[in-house]
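For reference, the structure discussed in these notes is given below.
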Amino acid sequence: MKKIDVIWGNIFKNKGDPNQDIRQFLKNIPLFAQLRKRELREIDHLLHQRQYKKDEVIFWQNEPGVGMYIVQSGEVGIFGDYNTPEQQSLARLSQGDFFGEMALLEDDNRSATAVALGDSKLIGIFHPDLFDLFERKPELGIKVLSKLANMLAQRLRKTNLELQQLTCARRTQKKDKQASR
Amino acid sequence: MNPLPENKSIVINLNRSFIFFLFKVFIFILVALIAAWILPHSGMVLTPLILAALLSILLNPLVVMLEGRGLNRTGAVALVMGIITLLMIWLMIFLAPVISREFKTIGQAIKNETPATLMVKLKTLLNKHLPLLKNPEINDQIMTKIEKSIYAMLNRSIQLIPTILPLAISLFLIPFMTFFLLKDGRRMKKSFIQSLPNRYFEMTISLLHKIEGQLGSYIRGQMLVSLCIGILSIMALAILGVPYFLIIGAMAGLANMIPYFGPIVGAVPAIILNVIDKGSLNAALVVILAFVLIRLIDDSLVSPNILGRSLEIHPLLVIIVIFIGGEMFGIMGLLLCIPVTGIIKVTIEELHWSFKHYRAFRIGS
């Protein structure tokens, strides 16, 4: 149906706005919360909506990554060494969470596998489209990029804190062991 | 009810997948047959479509730049197409008198110089410079062969020239198609990606992005090189006083897009016309020297700086493709066969890369 829309859309333009709910959803995502209506419409053109069935792999570890996903509905699991005896569950994500954001900024392989834990709807935003946006709408591009950098910094700070806590816990454990000897 | 025994369910599954496989093979054969039936009749639409696609790749950076200045997509495309139309009109007004004068003199020359009179001129010229040909038997044999090949060449060139109707349709279709490809190209791409299964979806985004990037720089580079060669040829031929230098120089620039044969195709008319005009074989040498010099400038300065690491197509493949393109679609086929081969080559290379890096591509994974 969508294909026909593209061809005939210019002549028989649809007055209704089928993507209104996606924009409403995006407005509640911290990454796009500060954007205006017109800017959200521009972002909406870049997004790809995908549906995944339970246990369907979204992307595999060590494969080249092209972009990030936002969970619109359902649940997504992030796994290390998926489908191997060493499989580790790294995170469980639900509505509004996003993952794979590193691939938006660097040309590297995926560090983990993402799997739909139930029937899920995802919104994808990809590196080529984002860089195209930087060229076409630099102001909007900067807004999105600075927010993304901000969120990545928050995640890094959180990881640093967890690492510090882990190191402290290990040190205490070591001291306790030495004291008990 | 008892559940199906395990081996029975496997047989059913196998049968289902086999039927699905057969269905896929049937669809593939059907599509191939339809394509084979349509292809010979598609020249009238296919050639303008390819030209429009190449033009849209060429103009896209300009549209993106205007979008960056605050214009919306439709406005930016309309502005670019408007500027190009105005430029074409201005060029026509500016060049029309010169070109019509050149065509008039060409027409006059054709009236005065039939292949027969041309042969007489050539005969006296060769007799004068090559004493070996004074033997009447050898002379006659050579002259009959040359005359035959001139007639064959003329017939072939007339066959290659597109007839007026397809040309008029193309002139209308190309700007129309270019406008919509520029305006809606991104949405068409998105719709295509949307229709793909999840396992191929991300890989296709990466694949299309790489193909677009490589192809864009290749086509823009080729067009720019042709423009440079065209300007250099016009300048050189004007300095040498070759008649109809404007048309022949522009043709040499356009022909430069055909590898190996292009520069020869561009040089031959200039050599023949200069020899007839000046009446000496030295005139041929001077033109050959000018074209060799232009080739050297192209190989050492223009192409390396503009094209950089371009698509390398094997010479044998180039020759085969040029013959097929010329045979199937005439002049347009000759000009477009290399960019189209470039598109196919980049696609195959990127598919091969994806095959190595994405597990979705490997059968059975």
Out of the residues in the stretch A:121-132 that are more than 10 Å from chain B (Cβ to nearest Cβ) and over 11 Å from the mean Cα position of the chain (by Cα), state the one that is nearest to A:Val66 (Cα to Cα).
A:Leu130
Name the pairs: first residue in the stretch B:61-77 and more than 16 Å from A:Arg38 (Cα to Cα), second residue among the acidic types (Asp, Glu) and assigned to a helix (DSSP H, G or I), Cβ to Cβ under 6 Å, at least 6 apart or on different chains?
B:Val64/A:Glu135; B:Ala76/B:Glu67
The correct count of residues that are over 14 Å from A:Leu104 (Cα atoms), away from chain B (no Cβ under 14 Å) and in a strand (DSSP E or B) in the stretch A:60-82 is 7
Is the stretch B:213-224 home to any residue that is over 23 Å from B:Ala255 (Cα atoms), within 12 Å of chain A (Cβ to nearest Cβ), in a helix (DSSP H, G or I) and under 21 Å from the mean Cα position of the chain (by Cα)?
yes
Can A:Gly118 be described as assigned to a loop (DSSP other than H, G, I, E, B), within 17 Å of A:Leu148 (Cβ to Cβ) and more than 11 Å from chain B (Cβ to nearest Cβ)?
no
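Being within 14 Å of another protein chain (Cβ to nearest Cβ) and touching a residue at least 24 places away in the same chain (Cβ under 8 Å), is that true of even one residue in the stretch A:87-100? Show your work before the answer.
Applying the first criterion (within 14 Å of another protein chain (Cβ to nearest Cβ)) to the stretch A:87-100 yields A:99-100.
Of the ones still in play, those that are also touching a residue at least 24 places away in the same chain (Cβ under 8 Å) are A:99-100.
Within the stretch A:87-100, one or more residues are within 14 Å of another protein chain (Cβ to nearest Cβ) and touching a residue at least 24 places away in the same chain (Cβ under 8 Å).
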So, in the stretch B:322-357, how many residues would count as being modelled with pLDDT under 80 and of a type in the set (Phe, Trp, Tyr)?
1
If I filter the stretch B:46-81 down to residues being buried (at least 16 other Cβ atoms within 10 Å of the Cβ) and hydroxyl-bearing (Ser, Thr, Tyr), which single residue comes out as nearest to the chain's Cα centre (by Cα)?
B:Thr47
Since A:Val57 meets every condition but one in (1) surrounded by 15 or more Cβ atoms within 10 Å (Cβ to Cβ); (2) over 22 Å from A:Leu152 (Cβ atoms); (3) more than 12 Å from chain B (Cβ to nearest Cβ), which condition does it not meet?
(3)
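Across the stretch A:101-110, what is the total count of residues that are away from chain B (no Cβ under 14 Å) and either part of a helix (DSSP H, G or I) or modelled with pLDDT of 90 or more (or both)?
As a first pass, look at the stretch A:101-110 and keep what is away from chain B (no Cβ under 14 Å): A:101-102, A:105.
Narrowing the set further to residues that are either part of a helix (DSSP H, G or I) or modelled with pLDDT of 90 or more (or both) leaves A:102, A:105.
Here the count works out to 2.
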Subset of the stretch A:94-148 [in contact with a Gly (Cβ under 9 Å, 6 or more places away or on another chain), among the aliphatic types (A, V, I, L, M) and farther than 19 Å from B:Phe201 by Cα]
A:Leu117, A:Leu133
Reported set for the stretch B:260-280 where residues are of a type in the set (A, V, I, L, M) and either touching a Leu at 6+ places or on another chain (Cβ under 6 Å) or surrounded by 14 or more Cβ atoms within 10 Å (Cβ to Cβ) (or both) is B:Val265, B:Ala267, B:Val268, B:Ala270, B:Ile271, B:Ile272, B:Leu273, B:Val275, B:Ile276
When both residues are 6+ apart or on different chains and their Cβ atoms are under 8 Å apart, which pairs have a first residue that lies in the stretch B:310-329 and is free of Cβ contacts under 8 Å to residues at least 60 places away in the same chain, and a second that is of a type in the set (Lys, Arg) and in a helix (DSSP H, G or I)?
B:Ile313/B:Lys345
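The values are calculated or read from the model by the stated rules, or taken from the named source; none is laboratory data. Treat the numbers as computed from the prediction; the structure is a model and nothing was measured. Positions of Cβ are generated from backbone atoms using ideal geometry, with glycine treated the same way; all protein chains shown enter the neighbour counts.
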